[in-house]
Amino acid sequence: MGTWFESITTWLFKYPPRVFARGDLVMAPVVPVLLVMAAAAIVLLVVIVAYARVRTLRPADRAILATVRAAAILLVLGCLLRPGLVIASAVPQRNVLAIIMDDSRSMRIRDVGDGTRTAALQRTFADTGALSKQLAEKFAIRRFRFAADASPIAGAAALTSNGTRSDLAQALNDVREDLNGMPLAGVVIVSDGADNGSGALDDALLALRARRVPVFTVGVGTERFARDVAIERVQAPRRTLAGASSVVEADVRIRGAGRDPVQITVEADGRVVATEAARVGDKGDLATVRFRIPPLDPGVHRIAVRARALPTEIVTENNEWQTSIEVRAGPDRILYLEGEPRPEFAFLRRAVANDSAVQVVGLMRSAERKFLRLGVRDSLDLLGGFPTSREELFGYRAIILGSIEASFFTTDQLRMLADFVSVRGGGLMVLGGRASLSEGGYAGTPLADVLPLTISAGSVNVDGEATPVMVRPTRAGEVHAALQLGSTLALSRTRWDSLPALTMVNRLGALRAGATMLLAGTAQGGRSDVPILSWQRYGRGMSAVFGVQDSWLWKMDTNIPVDDVTHQTLWRQLVRWMVEDAPAPFEIMASPSRVAPGEPVSLRARVSTPFFTDVNDATVAVTVTSPVGTTQNVPLEWTLREDGTYSARFTPADTGRYVLDAVATRGRDSVQTATSSLLVDERGADVAQAELRASLLRRIAEETGGRYYPLADAGTLAEDAVFTEAGVTVREAKDLWDMPAVFLLVALLLGAEWGYRRWRGLA
């Protein structure tokens, strides 16, 4: 601890507290244990008898004096057991100590004295410094720098602070593998604790703990800035359809601004498209800001969320977060199946009739084995009714099921519908109706497990008859892009509050784990949490239940103006939402989504047939076009671990947009193409976590048996690191019976007995 407390405890107990934490308690009695136990029993008996014979004492006085006297004698007898600690110590010069030093850009921050974090690290861990010399006397030192990964260096002077990512898990794994087979006695991490890598830190710590290798952590930097604005998280859709607005959500940490608002802007390709003011409340310094950005043209767009800097703010690099949104032109085909003529069919199709990004193909049963077909491509399309082959069904990106009973489908068709979601990655929405969901007999079918709500028996209406149900977004629904009915979130909320009640709502079961309710209903005089719209991820796709059959009232109610477009807007956005993430048979993507020049990127492609059977024998290559126009051909290899997945590594050198043109060939004529892009930003993710994360560094140390030090206290590291169970060690016994604390306690007990007798007038 390096404090007066540690000095006092060390004098009282002979050794520092950390020695007790690392040691194992043992006994080395100078006489047989049974003899000591017999002596203790005799002593207790003598003391009890002696005080019992003193008739002038009250019972309470006898008990107190006998207890104090017996405790003093037993403590002395306990010394005959010769208690001690066995400590494992590293054998000098025969063990390796790995020192891993943070070389990321966050170490450039000037918050340690009048210099940077890197400069302070280099002073403390200088090759010729006192700490390095002390460690070198006991260990063979191996030094590493780390950012996205770890690599050996000669010394701290070689640090450049150019890394754009801090991956603690990858660094620990790299060092453990590099030093495999060597007597690794411990690992020292010197860092500000920023960790934004993709690795599993818990797994890396578990591997070290299994080898009994302690990790000592040294924190560099300021744990809490007085004035700082940081964009800590941005959530935006990865892709969307042309003509659709998008909702972007940002978590902003604000310190030192008081109640004053901080302006947050969203830019698309350098053009400001949304502005909001962020304020912190009474519950903390984190504010969540939501933006609605207007529709963007087809293509990939660079999205930047920026916060205005505060006066005297030390770190401004974390005031910005960049991501990208891919806008797809369409049209995407959606199959809408209805089992009976009803208004929902006509109003839904009318809502998206003028949307060039989606095409709703209508199939309505007009009689037994007779169907009305709308929006088909030719006279043979859906001629036999609902598709009977995977290839035909999987050609759609989404399916809407209206009021149609489960018995209409064959067992194979129901399984095909389930695979449409899980394997093809399509969107499925089931509407309420007289013959849908539980009323349609779907309980126990392959489709039931796909849905976000359990299917149970019950009446078509909430309370057995037509009951008004007021529908409102949940907290999750208020910010969902598909449910925005106004140009701002506030206007959208107001519009939802003005919509009339619905009456025909299917009875549904409980929400499944992992599912989300977006719309809830309040029945007149009844339940207040009636599930209206719920959804979940299922396999590669998504499923939703919109359990009403009269949403058309939001268009035809007498209180709704004729020119009101709320109903059309809602259905257009719901339909777009269902298809925006549906994959194509062949896709290419880059991961991670936020990189800096020189940071490796994983290119991953998914290859399947038109009916989404994974392909493992394709030849896949990507032509990467840089922002300056140069091209590079990158071949992808099948990953072996996952069917249909091909991958390769690529390192961008320039900032800007990289275009990824992928080609997959199989045989002579089978050719598929896909295009994506990668945005490379000079500002890495590392500075987003600018403050010292001491809590994470403490956890790493505690979970591995090490210790955390602020940089100013790192001088005691050389003494602490010798206590190890790893590497080449010796075990040393340290006596505890002769601790000053033992003799002081005996004297205190005897003095207490004498003092009590004097106080009671018994001396």
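Are any residues in segment 651-674 outside any strand (DSSP E or B) and among the aliphatic types (A, V, I, L, M), and if so, which ones? If you could, list the steps in order and put the result at the bottom.
First, the residues of segment 651-674 that are outside any strand (DSSP E or B): 651-655, 667-669.
Across segment 651-674, the qualifying residue is only ALA653.
Of these, PHE586, PHE612, which one is out of contact with any helix residue (DSSP H, G or I) (no Cβ under 8 Å at 6 or more places or on another chain), buried (at least 21 other Cβ atoms within 10 Å of the Cβ), at pLDDT 85 or above and hydrophobic (A, V, I, L, M, F, W, C)? Break it down into steps so the answer makes sense when it comes.
Working: PHE612 fails: out of contact with any helix residue (DSSP H, G or I) (no Cβ under 8 Å at 6 or more places or on another chain).
Step by step, each of PHE586, PHE612 is checked, and only PHE586 is out of contact with any helix residue (DSSP H, G or I) (no Cβ under 8 Å at 6 or more places or on another chain), buried (at least 21 other Cβ atoms within 10 Å of the Cβ), at pLDDT 85 or above and hydrophobic (A, V, I, L, M, F, W, C).
Has segment 342-351 got any residue that is of a type in the set (Gly, Ala, Ser), within 29 Å of ASP564 (Cα to Cα) and either over 29 Å from the mean Cα position of the chain (by Cα) or part of a strand (DSSP E or B) (or both)? Don't jump to the end; show me each part of the working.
We begin by selecting, within segment 342-351, every residue of a type in the set (Gly, Ala, Ser); these are 346, 351.
Restricting the remaining residues to those that are within 29 Å of ASP564 (Cα to Cα) gives 346, 351.
Retained after the next criterion (residues that are either over 29 Å from the mean Cα position of the chain (by Cα) or part of a strand (DSSP E or B) (or both)): 346, 351.
There is at least one residue in segment 342-351 that is of a type in the set (Gly, Ala, Ser), within 29 Å of ASP564 (Cα to Cα) and either over 29 Å from the mean Cα position of the chain (by Cα) or part of a strand (DSSP E or B) (or both).
Just checking, how many residues over segment 630-642 are at pLDDT 90 or above and not β-branched (Val, Ile, Thr)?
6
How many residues does segment 76-124 hold that are crowded, with 22+ Cβ neighbours inside 10 Å, part of a loop (DSSP other than H, G, I, E, B) and either modelled with pLDDT under 75 or in contact with a Gly (Cβ under 6 Å, 6 or more places away or on another chain) (or both)?
2
If the requirement is being on the phi > 0 side of the Ramachandran plot and small (Gly, Ala, Ser), which of these qualifies: GLY509, GLY539? Working first, answer last.
Numbers: GLY509 fails: on the phi > 0 side of the Ramachandran plot.
Among GLY509, GLY539, only GLY539 is on the phi > 0 side of the Ramachandran plot and small (Gly, Ala, Ser).
Give me a count of the residues in segment 234-274 that are part of a strand (DSSP E or B) and in contact (Cβ under 8 Å) with a residue 24 or more places away in the chain.
So in segment 234-274, the residues part of a strand (DSSP E or B) come out as 234-235, 239-241, 246-255, 262-268, 271-274.
Subset that is in contact (Cβ under 8 Å) with a residue 24 or more places away in the chain: 234, 239-241, 246-255, 262-268, 274.
Result for segment 234-274: 22.
So which helices (runs of 4 or more DSSP H) are wholly in segment 675-759 and hold at least 1 residues that are modelled with pLDDT under 85?
Values: elements: 694-704, 717-720, 740-759.
Passing ranges, in order: 717-720, 740-759.
Could you go through segment 311-319 and let me know if any residue there is in a strand (DSSP E or B) and within 26 Å of VAL595 (Cα to Cα). Full working, then the answer.
Start the filter on segment 311-319 by keeping residues that are in a strand (DSSP E or B), which leaves none.
No: segment 311-319 contains no residue that is in a strand (DSSP E or B) and within 26 Å of VAL595 (Cα to Cα).
Considering every residue within segment 409-418, establish whether at least one is assigned to a loop (DSSP other than H, G, I, E, B), touching a Gly at 6+ places or on another chain (Cβ under 9 Å) and surrounded by 20 or more Cβ atoms within 10 Å (Cβ to Cβ). Don't jump to the end; show me each part of the working.
First, the residues of segment 409-418 that are assigned to a loop (DSSP other than H, G, I, E, B): 409-410.
Still in the running and touching a Gly at 6+ places or on another chain (Cβ under 9 Å): none.
No, the conditions are met nowhere in segment 409-418.
From the list SER379, SER403, SER366, SER438, which residue is touching a residue at least 24 places away in the same chain (Cβ under 8 Å) and either basic (Lys, Arg) or surrounded by fewer than 18 Cβ atoms within 10 Å (Cβ to Cβ) (or both)?
Numbers: SER379 fails: touching a residue at least 24 places away in the same chain (Cβ under 8 Å); SER403 fails: either basic (Lys, Arg) or surrounded by fewer than 18 Cβ atoms within 10 Å (Cβ to Cβ) (or both); SER438 fails: either basic (Lys, Arg) or surrounded by fewer than 18 Cβ atoms within 10 Å (Cβ to Cβ) (or both).
One residue alone meets the criteria, SER366.
Restricting attention to segment 620-659, and to residues there that are over 22 Å from VAL680 (Cα atoms) and surrounded by fewer than 16 Cβ atoms within 10 Å (Cβ to Cβ), which single residue is farthest from the chain's Cα centre (by Cα)?
Checking each candidate, the answer is GLU637.
Scan segment 369-381 residue by residue and report those that are part of a loop (DSSP other than H, G, I, E, B) and under 15 Å from GLN359 (Cα atoms). Quick ask: steps written out before the conclusion?
Step one: filter segment 369-381 for residues part of a loop (DSSP other than H, G, I, E, B), giving 369, 375-381.
Those that are part of a loop (DSSP other than H, G, I, E, B) and under 15 Å from GLN359 (Cα atoms): GLY375, VAL376, ARG377, ASP378, ASP381.
Looking at (1) without any contact (Cβ under 8 Å) to a residue 60 or more places away in the chain; (2) closer than 24 Å to ALA357 by Cα; (3) of a type in the set (Gly, Ala, Ser), which one does SER528 not meet, given that it meets all the others?
For SER528, the exception is condition (2).
Here are the criteria: (1) touching a residue at least 12 places away in the same chain (Cβ under 8 Å); (2) out of contact with any Ser or Thr (no Cβ under 9 Å at 6 or more places or on another chain); (3) surrounded by fewer than 22 Cβ atoms within 10 Å (Cβ to Cβ). Tell me which single one GLY444 does not satisfy.
Failing condition for GLY444: (1).
Are any of the residues in segment 487-499 under 17 Å from ASP529 (Cα atoms) and in contact with a strand residue (DSSP E or B) (Cβ under 8 Å, 6 or more places away or on another chain)?
yes
Suppose we filter segment 334-350 for residues that are crowded, with 23+ Cβ neighbours inside 10 Å, touching a helix residue (DSSP H, G or I) at 6+ places or on another chain (Cβ under 8 Å) and modelled with pLDDT under 90; how many remain?
Residues in segment 334-350 being crowded, with 23+ Cβ neighbours inside 10 Å, touching a helix residue (DSSP H, G or I) at 6+ places or on another chain (Cβ under 8 Å) and modelled with pLDDT under 90: 1 in total.
Checking GLU137 against (1) more than 28 Å from the chain's Cα centre (by Cα); (2) modelled with pLDDT of 90 or more, which single condition isn't satisfied?
(2)
If you go through segment 32-55 one residue at a time, do you hit one that is touching a Lys or Arg at 6+ places or on another chain (Cβ under 7 Å), farther than 19 Å from LEU736 by Cα, at pLDDT 70 or above and in the same structural domain as VAL213 (by TED's automatic domain parsing)?
Looking for residues that are touching a Lys or Arg at 6+ places or on another chain (Cβ under 7 Å), farther than 19 Å from LEU736 by Cα, at pLDDT 70 or above and in the same structural domain as VAL213 (by TED's automatic domain parsing), one finds none in segment 32-55, hence no.
Within the set of pairs 6 or more residues apart or between chains, which connect a residue that is more than 19 Å from SER487 (Cα to Cα) inside segment 565-584 to a residue that is among the charged types (D, E, K, R) and at pLDDT 90 or above with Cβ atoms less than 6 Å apart?
VAL579/ARG397; ALA582/ARG397
The values are calculated or read from the model by the stated rules, or taken from the named source; none is laboratory data. Since the model is a prediction, treat every value here as computed from it, not as a measurement. Neighbour counts run over all protein chains shown; Cβ positions are idealised from the backbone, glycine included.
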